[in-house]
Each structure stands twice: as structure tokens, then as C-alpha cells.
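Only one structure is covered here, and it is reproduced in the block below.
The values are calculated or read from the model by the stated rules, or taken from the named source; none is laboratory data. This is a predicted model, so every value here is computed, not measured. Backbone-built Cβ (ideal geometry, glycine too); neighbour counts: all protein chains shown.
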Amino acid sequence: MTKLGQWLWGLALLGSAWAALALGPLGPRVPPPCRQVLLPLPVYLLVAFGCYSLATVGYRLATFNDCEEAAAELQEHIGAARADLRRRGLQF
Amino acid sequence: MAAGAADKVSVLLPTYNERENLPLVVWLLARSFETSGYNFEIIVIDDGSPDGTQEVAEQLVKIYGSDKILLRPRAKKLGLGTAYIHGMKHATGNFIVIMDADLSHHPKFIAEFIRKQKEGNFDIVSGTRYKGNGGVYGWDLKRKLISRGANFLTQVLLRPGASDLTGSFRLYKKEVLQKLMEKCVSKGYVFQMEMIVRARQLGYTIGEVPISFVDRVYGESKLGGNEIVSFLKGLLTLFATT
Ligand SMILES: Nc1nc2c(ncn2[C@@H]2O[C@H](COP(=O)(O)OP(=O)(O)O)[C@@H](O)[C@H]2O)c(=O)[nH]1
Ligand SMILES: [Mg+2]
């Protein structure tokens, strides 16, 4: 199954469970306080996922390594390479 | 010699206008292989660069020998994906390393790739900018944000089991790369993504090594323009088809 298929399956499963409990035939058997939580649940989940995404990307952005040493080391290596290649007769 | 005498690493270097970078990257490659003791060859696939890359490559053959530097040029710019296929045909090593020739990928990491490969007999070892000591140099905040955002989206949608999908610094077992090349159809960044996704589908194992990516010093990037649009298109295509 494709990744899209997996998503659609998962959503359909959760969605129908939710619909059955919150709106559908099982609705009357769910105690009222639970129903009050159940009704807006999809929106809550969506918002929670959005917050999670923003927090994750934000954290990873803030902790993205700046490789200063690697850049400095590369400059050194470039210098050494140029000198050695020139010595071996390379015309740049 | 500590390194496995039976192992040979073929490095594929696609070049387009890399006259400045090619000698430097070749020098660094040769030096790091001499240090690690692995048998190697460097296959330069130049697509008729107008800046004289081919000419400087010929000088390198004179210095290092035609058994170490193999020139497999093509007449005109035909793109990266086919450059790898073209280069692979001439590779004689049991491991193949794919990397950029613009010095953003430092050859010193190849020894770590091989060490990692031996550790778990991985089919692929991928460099990653997003884990451990990995990182980038020379990127502004906007570019970092786009990179992190795109990476997050990719992880959520594809769950690929590797942290750096758009990077192109990797080591493959030769037969694994051959199999993957047959399957992959995308272009640009998406090509690198597809390689990992297909690898997962085929049950190949992937090891990861953190790398530092230093933005190119000389020359300019060839992947430009509507990069983001084609990335998203490619991502959604993979999402819907794999
Ligand atoms: N042979 C060949 N090499 C290419 C072509 N396009 C890019 N390259 C090389 O592929 C590597 C990566 O390209 P680059 O422009 O740095 O892409 P970026 O790092 O994603 O910005 C460099 O070594 C380029 O010289 C092409 O059409 N043909
Ligand atoms: Mg580059």
C-alpha cells in the first residue's frame, strides 16, 4: 500500500470511530460529559499536531549545527592542496 | 594495511563547471584514501563544461595515473541522474561513493562511511546533516528553516527510516546501487529521496554518519530556480506512489 493509502486508511478508521461515537448510533450510549469532550476532539488533535510540528521544526532550527571548524579546516586543506598540486605541476 | 585488501571504493564525481574545485577534491580524496589504505578509483563524469573542467581533469590523470582517475565525459549537460548511471557502468569497486565535486562534501567522511558499513554490513551508508555532530556552514536562517521544514514534512509523510533524504553524500554496495538506479525515475533532489524510499521498499539496510556540509566556496550551484516547487511535487509523487 502507498503512504497515501496508509494515511487514508488511518484517517478513515479514526474518523468513522469518532463519527459513530460522537454523532452516530452509539451516541446516546456515551455519557454526556464524554460526548462534550468527544465532539471537538478532531479539532484539538489537529491543533496539537500543528503545535508539535512548529515546536519540532523550531527546536531543530535553533539547534542546527553551524560547522565553523569544518569550514576553517576546509580552508586549510584547500591551501595545502593548492601548494602540493602546484608543486606537482598542475596548472590551475 | 589495516583496511580490507579485497575492498575497492569507486567514487563517482559528476562535474559541471567545477574547474576550481575538481583538483582540490581529487587531492583530498587521494590523501584520505592513502591514509585509510583503501584501494580506490575516482570516476569523473564531466558534461562538457565550458569552463575547462575537462582540461584540468586531464592534468590530474597525468599526476595520479589513469588507474586512479578515470575520465568518462559526456558531450553535453544531461543531468545528474544519468551521470551516475553513466559513471557506474565504468566502476570496478565493490563499494560506490556518490558525492558532489564542489567541496561541500569532505572526503574525510568516506573512511567513517566504510567503518559504519563494516559495523552492520549496511547496504547503504548515508551522510546526514540532521543528526549528531552533523550540520551545515554558510546557510542563513531562511535556508535553514526551509531545510528543516522540508525535512520534517518528508519524515511525516514518507517515514523513510533515514534522517537526510535530500543529501547526496552516500556509500552503496555496488549491486545495491545498480538495483536502485533501475528503479528510480526522479530528477534533482527528488532523485536522492527516491533512492532511500526505494531502498526501504526493497528491504535494504541504511546506516547513517553525521557530516558537516560546507556550502560551496567556488563556482555556483546548478540546482536553482523553483527548487521548492519541484521538491514538493516530487515529495507528493513519492507519497502517492510508494
Ligand atoms: N555531470 C554533471 N554534473 C552535474 C550536473 N549538474 C550538477 N552537477 C554536479 O553535481 C554536483 C552537485 O551540484 P550543485 O550545483 O552543487 O548542486 P547543489 O549542491 O544541490 O546546489 C556538483 O559536483 C556539480 O558539478 C550535470 O548536469 N551533469
Ligand atoms: Mg553543491
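Could you tell me whether A:P42 is under 25 Å from B:V156 (Cα atoms) and at pLDDT below 95? If you could, list the steps in order and put the result at the bottom.
Details: under 25 Å from B:V156 (Cα atoms): yes; at pLDDT below 95: yes.
Criteria met by A:P42.
Does B:R19 count as surrounded by fewer than 21 Cβ atoms within 10 Å (Cβ to Cβ), within 14 Å of chain A (Cβ to nearest Cβ) and touching a Ser or Thr at 6+ places or on another chain (Cβ under 8 Å)?
Details: surrounded by fewer than 21 Cβ atoms within 10 Å (Cβ to Cβ): yes; within 14 Å of chain A (Cβ to nearest Cβ): yes; touching a Ser or Thr at 6+ places or on another chain (Cβ under 8 Å): yes.
The answer is yes for B:R19.
Give me the helices (runs of 4 or more DSSP H) completely within the stretch A:23-92, filtered to those with at least 2 residues that are within 35 Å of the chain's Cα centre (by Cα) and at the interface with chain B (Cβ under 10 Å from one of its Cβ atoms), ordered by residue number. Can you show your working first?
On the way: elements: A:32-38, A:41-62, A:68-87.
In the stretch A:23-92, the matching helices (runs of 4 or more DSSP H) lie at A:41-62, A:68-87.
Could you list all residues from the stretch B:51-99 that are touching a Pro at 6+ places or on another chain (Cβ under 8 Å) and near ligand 1 (Cβ under 10 Å from one of its atoms)?
Passing the criteria: B:L80, B:A83, B:Y84, B:G87, B:M99.
Please verify whether the stretch B:220-240 includes one or more residues that are farther than 29 Å from A:Q6 by Cβ, within 14 Å of chain A (Cβ to nearest Cβ) and among the small types (G, A, S).
No, the stretch B:220-240 contains no residue that is farther than 29 Å from A:Q6 by Cβ, within 14 Å of chain A (Cβ to nearest Cβ) and among the small types (G, A, S).
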